[in-house]
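Computed from the coordinates by the stated procedures, all read-outs in this text should not be read as laboratory data. Just so it is clear, the structure is predicted and the values come from calculations on it, not from any experiment. FYI the Cβ positions are ideal-geometry reconstructions off the backbone, even for glycines, and counts take in every protein chain you see.
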């Protein structure tokens, strides 16, 4: 892979969570801000017994089926904290608003933030508001940073061959619902985003032997699995076990998207010990956001550093880190 | 003052730190996210023994004399932590980048962040990168959130008549340098921004009897003093004592700006006990960012809830919360 040079320009793909995003993070941010906490490359920073995480939301459209940029901005940061094994406690909200935005729209967004933060519950304790001239941003961008209390230890170092891979429900719903809402392809569908906070559901499985968690947002489970895999083990996933709605699959086929690369906003990939995996799935199934939970794969001795999918036809194919180029501003 | 209605649109002045900003915060954010920590309306949240703060930076131009959006984004959040009586420890950085931005420019900005964060020192421990299509933001926006350890107790409740008001140096330099850099008025000047982190300087006065601190950024010292003042006391400032460079004063007069309303990015307003004020100024003067420190006013029994300036000619005038309308995107 080529290095970024000073003559390069920032492409949309640098923000899509795939190969180019990681290139930018490694060659610029890690290189410059070098410190052991940042180098963990987790979804947040683990500092003593607390978790610190940040995320900016630039999704378009700002309202989509089953959510809006406000709900997403709280759910996204809550889920990052949860993925680090933390209980979400405090959130900051930084608004960048385009001049001329209807107050009514801002109010709806803020109301969504209030609703979902009360559901978690998590407190929005500090904030900031900037307004830029018309045409200098796209309606509204929101940054949320979050602080959580570490409840369980999760770490890539705890993953070993034989461990199982769980997901709490159907994939690719957020990305597809947003693409449909953009109306570029003139598709009608009833697909709604899975956008939700996962603390209410996942806190119930923290008592089991969880090795690692990560929420497969930008770049879908393909990107997340490629982030998890290391030179110490491989990952095999089983197509027939991966929960996906027929309608979502249909649109993916029609548009030529790999559902594994499509964003989720209410899903968690969980690596657990073999002994606890069934119990975790059973527990998850008790909750709306876990009712379609499945064991979808395992950690292997073989093909270290590679994510492999065993397809329904029995063929094994390599699942690469998505290289981006088609789905900007999904979150 | 009229309330915001659903028919209203967001104006640039809602982000300028003056009357409209506070209206938006009070009528929407506080009303929705209501909790005792947020209601303190400080520059950050004080939670047990730590400080949590957030700020988004949308300044234009992104490079200005003595700084750029990268340096500003770290200095701004560090100074917010310091103003809460905290030692800055950890920072998150969330980038929103416009497609097509030269990598070389991003690299310079990141390098500035690295340099100033090492100077504090503060660790950048987590981050996020989003890229939006060309024309959907203005080159780059940066959110930084910060965590600090509470070192001293500062609170409005500690302020009493008789306390003195200190500033660590000359006012209005950031705002004026940015206005000149925008080149809209075709003015040449040597004025440079005061943009800097203040931990290195202010940690040396934490041993004195400090009641309250706030950095007078957007809206200048006029906005900050109006935030500090309450129905329990008034504030009087003395024009002859307020440090300001002749060149800055000249440009303010030429353009019709009140220097009290112009942004600073390396200044702190400090309320201290009468006994310690001289010692604090003496200590501040030992450091480059404190060499022009002065006692500029006092907390009064009279005119409670009002900020009053005693001008050089001896007249007293009311200093109002700026109502904005002329200086967007200064930070």
Ranking A:46, B:89 by Cβ neighbours within 10 Å, fewest first, what do you get?
B:89, A:46
Hey, if you drop one equal point scatterer on each alpha-carbon of segment B:35-150 and run the Debye formula without solvent, what base-10 log of I(q)/I(0) do you get at q = 0.12, 0.14, 0.20, 0.23 Å⁻¹?
-0.43, -0.57, -1.02, -1.23
For segment A:210-289, what is the largest minus smallest coordinate of the Cα atoms on each principal axis, given in angstrom and ordered from greatest to least?
39, 35, 22
Obtain the radius of gyration and the Kirkwood radius of chain A from its C-alpha atoms and give Rg over Rh.
0.94
Using only the alpha-carbon atoms, how far is helix B:173-182 inclined from the longest principal axis of chain B? Give it as 0 to 90 degrees, nearest 10.
30 degrees
For the protein assembly as shown (alpha-carbon point model, no solvent) the Debye-based log₁₀ I(q)/I(0) at q = 0.09, 0.11 Å⁻¹ works out to -0.73, -1.05
With -39,500 (n - 2.57) per DSSP H segment of 4 or more residues and division by the full residue count of chain A, the 222 nm estimate, nearest 500 deg cm²/dmol, is -7500 deg cm²/dmol
Going highest first, how would you order B:75-82, A:37-44 by mean Cβ packing within 10 Å?
B:75-82, A:37-44
A student asked for the Cα radius of gyration and Dmax of segment A:97-174 in angstrom ought to give 18.9, 55
Other copies of residue A:190: label-to-label distances in nm, shortest first, labels 7 Å along the beta-carbon direction:
7.4
Specify, per residue and in Å³, the volume enclosed by the convex hull of the alpha carbon atoms belonging to segment A:26-103.
142 Å³
Helix B:274-284: angle to the longest alpha-carbon principal axis of chain B, degrees 0 to 90, nearest 10?
40 degrees
Starting from the Cα gyration tensor of segment B:280-330, take the square roots of the eigenvalues, sort them a ≥ b ≥ c, and report rounded, prolate or oblate (rounded when a/c is under 1.5, otherwise prolate if a/b is larger than b/c, else oblate).
oblate
Using a 7 Å offset from Cα along the direction of the beta-carbon, what are the separations from residue A:102 to the same position in each other copy, nm, ascending?
4.1
To one decimal place, what Kirkwood hydrodynamic radius in Å is obtained for segment A:156-318 from all pairs of distinct Cα atoms?
16.0 Å
Give the nm distances, rounded to one decimal, from residue A:135 to the matching residue in every other copy, measuring between label points 7 Å along Cα toward the beta carbon; shortest first.
1.0
Paired Rg and Dmax values of segment A:149-217, which use every Cα atom, in angstrom:
16.3, 46
Cα axis of helix A:69-83 to longest principal axis of chain A: angle in degrees, 0 to 90, nearest 10?
30 degrees
